[in-house]
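Peer 1: This structure is in structure tokens; I'll ask about it shortly.
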Amino acid sequence: MPNRFSQQDDTLAVVIGSGAGGGTLGHELAKKGIRTVILEAGPRIEAHEHLDDEVASHEQLSWLDQRTTSGTWSVAKNYPNSPAWLCKAVGGTTLRWAGCCPRFLAHEFRARDVYGEMAGTSLLNWPLQLDELEPYYDRAEDKMGVTGTHGVPMLRANNNQRIMAVGAKRIGYRDVSTGAMAINPVPRDGRPGSIYDGFCYQGIRSNARWSTLNAEIPKGEATGKLEVRERCHVLRIEADTAGKVNGVIYADRDGVHQRQRARLVCLAGNAIETPRILLNSCDSRFPDGLANSSGQVGKNYMRHVSGTVFGIFDQPVRMYRGNVMAGQIKDEHHFQPKRGFVGGYLFETIALGPTFLALQMQPGAWGRRFTADLETYERMAGMWITGEDMPRPGNAVTLHPDQKDQFGLPIPNVHVDDHPNDLAMQKHAYLQGSRVYEAAGAVRTIHTPSYPSGHNMGTCRMSERPEEGVCNKWGQTHDISNLFISDGSLFTTSGAPNPTLTIVALVIRQSEYIAEQLNKLSI
Ligand SMILES: Cc1cc2nc3c(=O)[nH]c(=O)nc-3n(C[C@H](O)[C@H](O)[C@H](O)COP(=O)(O)OP(=O)(O)OC[C@H]3O[C@@H](n4cnc5c(N)ncnc54)[C@H](O)[C@@H]3O)c2cc1C
């Protein structure tokens with residue numbers, strides 16, 4: 001029997017969202033004996049039910065509620081109703097993530113000091129440093145089974161990686177490998193080894209790749225202290241007269257409004273929905289939304305500098321075989337301002353299925369030149385760029401002035417204006433990516449603009465000073481001691497690495513803090 005807690009139980013920890021942040025936090029709290037309910041807007045779809053077709057899988061797993069976007073970033077032009085590419089299901093976006101798990105470098109926690117005053121940014125140092133997070137990175141890597149750590153072997157290279165590696169070495173790169181990946185090369189932790197079947201941006205049936213659906217949630221439920229309540233869409237959080245949160249209003253699977261009482265609330269809806277819930281939780285006492293006395297909720301949205309370089313070769317590559325992102329170049333990750341920008345970036349192999357390639361390779365393209373490129377699918381190699389983008393106060397998730405969702409609440413708008421540093425980095429990465437493929441013998445390269453964002457960060461950032469952010473270094477909001485942020489919204493700056501390992505490390509650390517505070521009765 002699944003665990004089921006009472007909606008009247010005011011001793012519970014309530015976690016909103018079951019993805020990398022919420023699913024992990026639910027397990028960690030339950031392990032410590034803290035009775036926890038996760039409210040998840042999407043359905044529970046077990047791995048064996050995941051569809052093996054990229055379009056059907058997208059429809060099965062994605063967050064398709066209306067969103068809008070604006071600003072100078074290419075996503076606003078190419079995908080006006082789809083700023084981000086996220087999941088709405090138990091497991092969140094860990095159902096379709098690629099599994100790439102690099103760590104931040106030390107200087108990325110001190111961006112304000114290292115990069116200096118950058119006009120048009122809201123750069124800050126993180127209120128915690130790498131040495132404080134390192135033990136939690138270790139635990140996150142162990143939990144997720146990251147290759148190259150804790151005795152987990154590396155994944156085997158596919159053709160996409162081999163071609164990238166040949167070109168990379170020819171132009172002088174040295175830090176080239178199949179990378180740190182949360183995909184089992186061999187059976188581990190009750191999950192099987194990878195069968196290297198490719199197309200792993202869909203839900204993955206084999207469970208070789210870590211997700212909260214196949215690891216954290218069942219382990220949490222097995223403690224008897226965790227309930228995952230599916231199809232429960234949180235509308236707002238409520239506070240008592242003393243200014244502490246005490247309950248959450250959600251629409252259940254039939255759209256009926258329900259109230260779950262809470263001892264504390266942790267928000268892990270990803271960096272668009274998390275600030276949206278806080279902004280939608282306004283009332284006469286909190287006219288600007290909860291935890292927003294600084295006015296920073298929703299601001300400083302970051303999504304990483306990104307883009308893809310495809311190389312076309314005269315022989316078959318079949319980039320889609322094997323693990324999508326098990327190929328990484330890290331030589332550009334470091335701080336080297338002589339390149340004309342601050343921050344660094346990584347190259348990671350990528351492969352799209354034919355339908356998504358047709359939609360996303362050159363959005364809006366048409367005609368014989370475009371179809372001729374698509375015909376080279378078998379001969380294509382692909383690498384993706386993920387680089388540090390600059391936080392900017394105007395880059396923000398805000399409530400749409402007119403448009404409402406199915407529950408009558410304002411939908412979110414995501415506004416991004418590229419900073420000149422972002423554009424300089426992207427230009428450098430496109431050129432270097434082309435050099436890599438040309439050195440490996442490519443006959444032509446194609447530069448693809450950013451896809452809808454999979455990495456979403458910064459909209460409730462951690463800050464030393466309350467007036468500069470939304471929460472402290474534990475993710476506890478500055479304004480409300482029993483309200484926590486438990487996803488990528490926490491990030492003070494984006495760093496270059498894919499964010500999930502850092503999210504998992506931060507919430508493991510947060511769970512210890514919550515347990516201590518509960519013991520001391522200080523929240
Ligand atoms: C195609 C793709 C590939 C990726 N590959 C990588 C990778 O290789 N490495 C990496 O580090 N990252 C990768 N990512 C990013 C990674 O998936 C995210 O960083 C991670 O899942 C974020 O965790 P989260 O907990 O913040 O949000 P999510 O995992 O998105 O979970 C949020 C959950 O909250 C739920 N929710 C939202 N609002 C509400 C509400 N109002 N009520 C109830 N529930 C709600 C959602 O339904 C969702 O289930 C990838 C993303 C995509 C799209």
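Peer 1: Report, ordered by the first and then the second residue, all pairs with beta carbons closer than 6 Å, sequence separation of six or more or different chains, a first member in segment 440-461 that is over 22 Å from Cys100 (Cβ atoms), and a second member that is in a loop (DSSP other than H, G, I, E, B) and away from the ligand (no atom under 16 Å from the Cβ).
Peer 2: These pairs meet every condition: Ala442/Phe313; Val443/Asp314; Arg461/Gly469.
Peer 1: Here's something else I'd like to know. Take the residues in segment 270-285 that are of a type in the set (S, T, N, Q) and crowded, with 20+ Cβ neighbours inside 10 Å; name whichever of them is farthest from the ligand (Cβ to nearest atom). Talk me through it step by step, then tell me what you get.
Peer 2: In the first step, residues of segment 270-285 are kept if they are of a type in the set (S, T, N, Q); the result is 270, 274, 280-281, 284.
Then drop every residue that is not crowded, with 20+ Cβ neighbours inside 10 Å, which leaves 270, 274, 280-281.
Values: Asn270: 4, Thr274: 7, Asn280: 9, Ser281: 11 Å.
In this case the residue turns out to be Ser281.
Peer 1: Output yes when any residue across segment 56-69 is at pLDDT 95 or above, among the hydroxyl-bearing types (Ser, Thr, Tyr), farther than 30 Å from Glu516 by Cα and away from the ligand (no atom under 13 Å from the Cβ), and no when none is.
Peer 2: Checking segment 56-69: at least one residue is at pLDDT 95 or above, among the hydroxyl-bearing types (Ser, Thr, Tyr), farther than 30 Å from Glu516 by Cα and away from the ligand (no atom under 13 Å from the Cβ).
Peer 1: For segment 479-505, name all the residues that are under 23 Å from the mean Cα position of the chain (by Cα) and either of a type in the set (D, E, K, R) or over 24 Å from Ile385 (Cα atoms) (or both).
Peer 2: Our first condition is that a residue be under 23 Å from the mean Cα position of the chain (by Cα); within segment 479-505, this holds for 483-505.
Within segment 479-505, Leu483, Phe484, Ile485, Ser486, Asp487 qualify.
Peer 1: Of all residues in segment 107-135, count the ones that are of a type in the set (A, V, I, L, M, F, W, C), within 24 Å of the chain's Cα centre (by Cα) and part of a loop (DSSP other than H, G, I, E, B).
Peer 2: Qualifying residue count, segment 107-135: 4.
Peer 1: Further question on the same structure: With the structure loaded, tell me whether Ser82 is of a type in the set (Ser, Thr, Tyr), over 12 Å from Tyr201 (Cβ atoms) and within 13 Å of the ligand (Cβ to nearest atom) or whether it fails that test. Lay out the reasoning, then the answer.
Peer 2: Working: of a type in the set (Ser, Thr, Tyr): yes; over 12 Å from Tyr201 (Cβ atoms): yes; within 13 Å of the ligand (Cβ to nearest atom): yes.
Judged against the criteria, Ser82 is a match.
Peer 1: Another question, then. With the condition kept exactly as written, say whether any residue in segment 34-43 is in a loop (DSSP other than H, G, I, E, B), away from the ligand (no atom under 15 Å from the Cβ) and touching a strand residue (DSSP E or B) at 6+ places or on another chain (Cβ under 8 Å).
Peer 2: Checked against the condition, which is being in a loop (DSSP other than H, G, I, E, B), away from the ligand (no atom under 15 Å from the Cβ) and touching a strand residue (DSSP E or B) at 6+ places or on another chain (Cβ under 8 Å), segment 34-43 yields at least one hit.
Peer 1: What pairs come up if the first residue lies in segment 383-410 and is modelled with pLDDT under 95, the second is part of a loop (DSSP other than H, G, I, E, B), and their beta carbons are under 8 Å apart, counting only those six or more places apart or on different chains?
Peer 2: Correct list of pairs: Pro393/Ser122; Pro393/Lys299; Pro393/Asn300.
Peer 1: Turning to a different aspect of this structure: Which ones in segment 461-492 are within 11 Å of the ligand (Cβ to nearest atom), assigned to a loop (DSSP other than H, G, I, E, B) and within 26 Å of Asp10 (Cβ to Cβ)?
Peer 2: Within segment 461-492, Ser486, Asp487 meet the criteria.
Peer 1: Do we have Ser57 as free of Cβ contacts under 8 Å to residues at least 40 places away in the same chain and not acidic (Asp, Glu) here?
Peer 2: When the stated conditions are applied, Ser57 does not pass them.
Peer 1: Okay, next question. Of the residues Thr94, Thr149, only one is among the β-branched types (Val, Ile, Thr), in a helix (DSSP H, G or I), within 16 Å of the ligand (Cβ to nearest atom) and in contact (Cβ under 8 Å) with a residue 12 or more places away in the chain; which? Can you show your working first?
Peer 2: Details: Thr149 fails: in a helix (DSSP H, G or I).
Thr94 is the lone residue from the list that is among the β-branched types (Val, Ile, Thr), in a helix (DSSP H, G or I), within 16 Å of the ligand (Cβ to nearest atom) and in contact (Cβ under 8 Å) with a residue 12 or more places away in the chain.
Peer 1: Same structure, new question: List pairs: first in segment 477-505 and free of Cβ contacts under 8 Å to residues at least 60 places away in the same chain, second of a type in the set (Asp, Glu) and within 7 Å of the ligand (Cβ to nearest atom), Cβ under 8 Å, 6+ apart or cross-chain?
Peer 2: Hits for this filter: zero, empty list.
Peer 1: Could you please let me know if Pro363 is crowded, with 24+ Cβ neighbours inside 10 Å and part of a loop (DSSP other than H, G, I, E, B)?
Peer 2: When the stated conditions are applied, Pro363 does not pass them.
Peer 1: While we're on this one: Looking at Ala496, Ala505, Ala439, which one is in contact with an Asp or Glu (Cβ under 7 Å, 6 or more places away or on another chain), away from the ligand (no atom under 11 Å from the Cβ) and among the aliphatic types (A, V, I, L, M)? Spell out the reasoning first.
Peer 2: On the way: Ala505 fails: in contact with an Asp or Glu (Cβ under 7 Å, 6 or more places away or on another chain); Ala439 fails: in contact with an Asp or Glu (Cβ under 7 Å, 6 or more places away or on another chain).
The conditions single out Ala496.
Peer 1: Pick out the one residue from Ser306, Ser293 that is touching a strand residue (DSSP E or B) at 6+ places or on another chain (Cβ under 7 Å) and either among the polar types (S, T, N, Q) or outside any strand (DSSP E or B) (or both).
Peer 2: It is Ser306.
Peer 1: Within segment 4-17, is there a residue that is over 22 Å from the mean Cα position of the chain (by Cα) and crowded, with 20+ Cβ neighbours inside 10 Å?
Peer 2: Checked against the condition, which is being over 22 Å from the mean Cα position of the chain (by Cα) and crowded, with 20+ Cβ neighbours inside 10 Å, segment 4-17 yields at least one hit.
Peer 1: Moving on. Condition check: more than 13 Å from the ligand (Cβ to nearest atom), surrounded by fewer than 18 Cβ atoms within 10 Å (Cβ to Cβ) and among the acidic types (Asp, Glu). Does Asp53 satisfy that?
Peer 2: Answer is yes for this residue.
Peer 1: With Asp197, Asp138 as the choices, which residue is part of a loop (DSSP other than H, G, I, E, B) and more than 30 Å from Lys299 (Cβ to Cβ)?
Peer 2: Asp197
Peer 1: Could you pull out the residue among Ala326, Ala351, Ala262 that is touching a strand residue (DSSP E or B) at 6+ places or on another chain (Cβ under 6 Å), in contact (Cβ under 8 Å) with a residue 40 or more places away in the chain and closer than 18 Å to Ile485 by Cα?
Peer 2: Ala262
Condition check ((1) under 20 Å from Lys32 (Cα atoms); (2) in a loop (DSSP other than H, G, I, E, B); (3) away from the ligand (no atom under 11 Å from the Cβ)) across all residues:
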| site | (1), (2), (3) |
| --- | --- |
| Tyr201 | no, yes, no |
| Leu235 | no, no, no |
| Val248 | no, no, no |
| Gln258 | no, no, yes |
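Peer 1: List every residue pair whose Cβ atoms sit under 8 Å apart, with the two residues 6 or more apart in sequence or on different chains, where the first one lies in segment 165-193 and is on the phi > 0 side of the Ramachandran plot and the second, anywhere, is part of a helix (DSSP H, G or I) and of a type in the set (A, V, I, L, M, F, W, C).
Peer 2: Listed pairs, sorted by first residue: Asp189/Ala215.
The values are calculated or read from the model by the stated rules, or taken from the named source; none is laboratory data. Every value quoted in this text rests on a predicted model; they were computed, and no experiment measured them. When we count neighbours, we look across all protein chains shown, and the Cβ atoms used for this are built from the backbone with ideal geometry, even at glycine.
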